[in-house]
Amino acid sequence: MNDQPLVDQKLVKYHFVAGMVYLMVALMAGFLFALQFLQHYPHSGVEWLSPGRIRMIHTNAVAYGFLLNCLLAGAYWAVPRLSGHPVWSRFVSWFLFWAIQAIVIFTVFGILFGPTLGYKWGIQHWLQAQAIEWGETPILIDPVVVVGLILIAINFMRPIIKGADKPLYVSLWYFSAGFIWTILNYVMGNYIPEFYTPGASGAAIAGLFIHDLVGLFVTPLGWGLMYYFVPVIMKRPIWSHAVSLIGFWGLAFFYPLNGVHHFLYSTIPMFAQYSAVVATVGVEVVVMTVFINFVATIRQQGGMLSTSLPIRWMFTGIVFYMITCMQCAYQVLLTTQQIIHFTDWVVGHAHLVMFGVFGFWILGMITELWPRLVDRPWHSRTLNTWHYWLSMIGTITMFIDLMAAGLVQGFSWRSLQPWEESVVASVPFWLFRSFAGTMIFVGQILFVYNMWRTARAPAPAAAAQPVTGLGAQPA
Amino acid sequence: MKQTLLIERFGTIALVGGLGFFALSVVIFAVIPVALMKEVKMVTIEEISQHVLPDFRDLAERYPEQFKKYFGEASPKTYAEALRLGRDVYIGEACWHCHSQFIRPVSNEDLRFGRVSYAGEHQTELQMPPLFGTRRVGPDLIREAGRHANDWQAAHLWEPKDVVSTSVMPSFKWFFDKPADPNGVPQPNKRGLALITYLQWLGSWAEPLDPPILPELASAKPAEAAPAKAETKVEAAPARKPQPATTNPYE
């Protein structure tokens, strides 16, 4: 063994804290933008708080602030345990931690002030948001992000390769592929449509980018962590190894072929649009096997859903995953697209996937790990329960509400009513959406407060029992 | 120890799953579409700006002082500058998160907005990166040219609710200079003028919705032929109509 500890707990803790801070920022931004839809935007006329810019803060703070930080925290916890080796370098890990925060802060700065200062300085195009959805990171710092992603990959690849003399556990398949995909995808999505391919072919690539960021970065890291945490917390092996194999390779094959489904009925060559539709239905069928695998695992000890909050979070996320996948396979059909494309239906879908699935998994992980990271039991279990129910009910409400809004909008447009009619008809849904969002927001505030109180509590008596029973590795 | 299958090994996962499958997707969705589009040359901003639209000259007449101060003359050079800046403003304010820029051949979109989008019209430098958009809170803008006059656009950007009371579009007051006289009317500044120029350019190459199909939309124009056309338009729309022989660099 070398001198570094297997897992740098402080690093895991810092990543979780940073992730939660950005989650609060993202929720605040989402809440503000929701007020714009009710004609009650509080900062109307303030340039740097322009609602459009705030909308981009919402999505980017989620992707690069919340998800990236928290998924990495999980990986820093799990990968060394699974491979038996620490990550490549402690120095690089900490450097990356600060680099990620600097990148996110610069992105926020660029989105909010880039259009103003960049205009003054004549570098608006480079300093402000880049016109790639979910890749609005200003063009100026894209190179830094690429270097960071390469370092992240090396940092985690080292222990994985070192441990590869033993059979690799499922999680590590997802991590290995996921880190490679993320680098390739980031380079492709941020450079090719920006500098080489205009119009339809550029949109095809931008579509790949949006979808691959979900499917080849968030999803593999998320599933990789579930394959670790669920068996470890339940102290049971995953139900079927063969089914895990199908799930992984199905995802690896089909997911990259999905992206163009973001621009159906556009001027992108039709063969590409048809392929994307078929591949999307394909991926949903295959990931259903992963769902079955986890349900079968959790079923063996279903009582834990009421006794273990982390398992409840994770299971809820897995069920939401199944719901979004069923929805995917249906909404991608060209017939459905005629109505629901461009509407709030898709916004509802995105919220269920990003928060209801990956957000829930992360919150489950924090609920499990936080007491261990700060070495104190949770300040209040009641608050944690409230956190779960507020988030769960808020998310499902928002999902159903926006789905309905999408149908109303889509049919209103097709029926050729004046545009205003679709806006007026949406207002009640938007109002309801704001309430649902507020529920989620309040839930997270309670959770952050609970985290803070837990960390600040006096040290527990020396003889106190260990706070949770993690530790064993899955076989 | 149980035997490791080939598909469980790190090398296979990294090379086949990580690199190989990704490369396959790039071939199908990037290389082939780019190859298919090879014949359609990308139109540069410089080429576009050779054909200065009347709306740009109208801005010069309507806001003479502002125009002189920020652009000087209405010329191909200043037109190019305005288009480029207008596009950047459109990106920075996230207009593209509430407005799309392509018309689909379904859901009666051709009746509402006009001619269905065709690949050539996006093959311009101003669509790099593409501004197709994925959400329509407001209407599509790829046929916006000429739909409203410049002063409508200015008033609308200042405070959309003043123009369309139900609008949820944000107001963009920073695209205007404060008038010296407290009772004066705010005038668009450089970014405002550029944005209006860009909006009036969007779709200037496609024939307008003429005659308008819907009675509501038709109020400004004679509506005699409208109902008959409505039947045929659905069929006819996707086919390309020959463009007037004037410079149409988009096809």
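At 1.306 mPa s and 10 °C, plugging the Kirkwood radius over alpha-carbon pairs of the range B:45-220 into Stokes-Einstein gives what diffusion coefficient in µm²/s? Intermediate results must be reported in sequence, preceding the final value.
Numbers: Rh = 16.9 Å.
The calculation lands on 94 µm²/s.
Which cross-chain or sequence-distant (5 or more) residues have an amide H under 5 Å from the amide H of B:PHE176, H modelled 1.01 Å from N in plane?
The answer is B:ASN189.
Once both axes come from the Cα atoms, what is the angle between helix A:360-374 and the longest principal axis of chain A, in degrees from 0 to 90, rounded to 10?
Result, in degrees: 40.
Put a dot 7 Å past each Cα toward the Cβ at A:VAL278 and A:THR336; how far apart are the dots in nm?
Placing both labels 7 Å along Cα→Cβ, they lie 1.9 nm apart.
Using helices alone, I'd like the mean residue ellipticity at 222 nm for chain A: each DSSP H run of four-plus residues gives -39500 (n - 2.57), total over residue count, nearest 500.
Numbers: 18 runs with 332 residues, N = 475.
Roughly -24000 deg cm²/dmol at 222 nm, from the helical runs in chain A.
Amide H of B:VAL43 versus every other amide H placed in the peptide plane: which residues, excluding those fewer than 5 positions away on the same chain, fall under 5 Å?
Correct list: B:THR124, B:GLU125.
Grab the eigenvalues of the alpha-carbon gyration tensor for chain A, scale each by 5, take roots, and send me the semi-axes largest first in whole angstrom. Present the calculation step by step, with values, prior to reporting the outcome.
Values: eigenvalues 232, 127, 123 Å².
Each semi-axis is √(5λ); the values are 34, 25, 25 Å.
What angle do you read, to the nearest 10 degrees and between 0 and 90, between the alpha-carbon axis of helix A:170-195 and the longest principal axis of chain A?
Tilt relative to chain A: about 30 degrees.
Taking Rh as the Kirkwood radius computed over C-alpha pairs, what is the Stokes-Einstein D of the range A:183-305 at 25 °C in a medium of viscosity 0.890 mPa s, expressed in µm² per second? Don't skip to the answer; put the middle values down first.
Values: Rh = 15.9 Å.
Using the Kirkwood radius from Cα pairs, D works out to 154 µm²/s.
Expected output is a single nm value to one decimal: the length gained when fully extending between A:LEU431 and A:ASP165, i.e. 0.36 nm times separation in residues minus the C-alpha distance. What is it? Walk me through the numbers before you get to the answer.
Values: separation 266, 0.36 × 266 = 95.76 nm, distance 5.61 nm.
In short, 90.2 nm is gained.
Set the Förster distance to 25 Å, then compute FRET efficiency between A:MET24 and A:ARG456 from the Cβ-Cβ distance, nearest 0.05.
0.90
Describe numerically, in nm with one decimal, the distance between label points set 7 Å from Cα along Cα→Cβ at B:ALA180 and at A:PHE91.
6.3
Cα axis of helix A:419-456 to longest principal axis of chain A: angle in degrees, 0 to 90, nearest 10?
Relative to chain A, helix A:419-456 is tipped by roughly 20 degrees.
For the B and A pair, go ahead and give the buried accessible area with a 1.4 Å probe, both sides summed, in Å² to 100.
Working: alone 15060 and 20040 Å², together 27510 Å².
Chains B and A together bury approximately 7600 Å².
Ratio to report: Rg/Rh of the range B:19-84, with Cα atoms as the point set and Rh obtained by the Kirkwood method; give two decimals.
On the way: Rg = 19.9 Å, Rh = 14.8 Å.
With Rg and the Kirkwood Rh in hand, the quotient comes to 1.35.
So if each residue of separation counts as 0.36 nm, and I subtract the Cα-Cα distance between A:LEU407 and A:TRP386, what length gain in nm does that give? Could the numbers behind the result be given before it?
Details: separation 21, 0.36 × 21 = 7.56 nm, distance 3.17 nm.
Net length gain for the segment: 4.4 nm.
I need the calculated FRET efficiency for the pair B:VAL27 and A:LEU117, taking r as the beta carbon distance and R₀ as 51 Å, to the nearest 0.05.
Numbers: r = 41 Å, r/R0 = 0.79.
The pair B:VAL27/A:LEU117 has a calculated efficiency of 0.80.
Give the value in nm², to one decimal: projected area of the alpha carbon convex hull of the range B:62-132, averaged over all directions. Don't jump to the answer; show the numbers that get you there.
Working: hull surface 26.0 nm².
Projected over every direction and averaged, the Cα hull of the range B:62-132 covers 6.5 nm².
For the range A:360-417, rounded, prolate or oblate, judged on the Cα gyration tensor with a ≥ b ≥ c (square roots of eigenvalues), a/c < 1.5 rounded, else prolate if a/b > b/c? All intermediate terms of the calculation are to be shown ahead of the outcome.
On the way: a/c = 7.69, a/b = 3.80, b/c = 2.02.
Prolate, because a/c is 1.5 or more and a/b exceeds b/c.
Counting Lys and Arg as +1 and Asp and Glu as -1, what is the net charge of the other residues whose Cβ lies under 14 Å from the Cβ of A:GLY163?
Values: positive: A:ARG81, A:ARG158, A:LYS162, A:LYS166, B:ARG9; negative: A:ASP165, B:GLU8.
Neighbour charge sum, excluding A:GLY163 itself: +3.
Considering only protein heavy atoms, what per residue accessible area in square angstrom results for the protein assembly as shown with a 1.4 angstrom probe?
On the way: 27510 Å² over 726 residues.
On a per-residue basis, the protein assembly as shown sits at 38 Å².
Assuming R0 = 56 Å, can you tell me the calculated FRET efficiency for the pair A:PHE195 and A:SER306, based on Cβ-Cβ distance, to the nearest 0.05?
Details: r = 54 Å, r/R0 = 0.97.
My answer for the efficiency is 0.55.
Any idea what the relative contact order of chain A is, in percent, if you count C-alpha pairs under 8 Å spaced at least 6 apart? Show your work: numbers first, answer last.
On the way: 664 pairs, mean separation 67.2, N = 475.
For chain A, the relative contact order is 14 percent.
Can you list the residues, at least 5 places off or on another chain, whose amide H is less than 5 Å from the amide H of B:SER204, using H built in the peptide plane?
Distant-sequence amide H within range of B:SER204: B:ALA145.
With Cβ to Cβ distances under 13 Å as the rule, what net charge do the other residues near A:ILE400 carry (K, R +1; D, E -1)?
Values: positive: A:ARG433; negative: A:ASP344, A:ASP401.
Cβ neighbours under 13 Å give a net charge of -1.
For the protein assembly as shown, with all protein chains present and a 1.4 Å probe, just round the carbon and sulfur fraction of the accessible area to a whole percent.
Values: 18490 of 27510 Å².
Percent of accessible area from carbon and sulfur atoms in the protein assembly as shown: 67.
Quick check: pseudo-label points 7 Å beyond the Cα along Cα→Cβ at A:ASP375 and A:MET326, how many nm apart are they?
Each label point lies 7 Å from its Cα, and together they span 4.7 nm.
The values are calculated or read from the model by the stated rules, or taken from the named source; none is laboratory data. Please read all numbers here as calculations on a predicted model, not as lab measurements. FYI the Cβ positions are ideal-geometry reconstructions off the backbone, even for glycines, and counts take in every protein chain you see. With ligands, DNA and RNA removed, areas are computed over all heavy atoms of the protein, side chains included. Shrake-Rupley method; radii C 1.70, N 1.55, O 1.52, S 1.80 Å.
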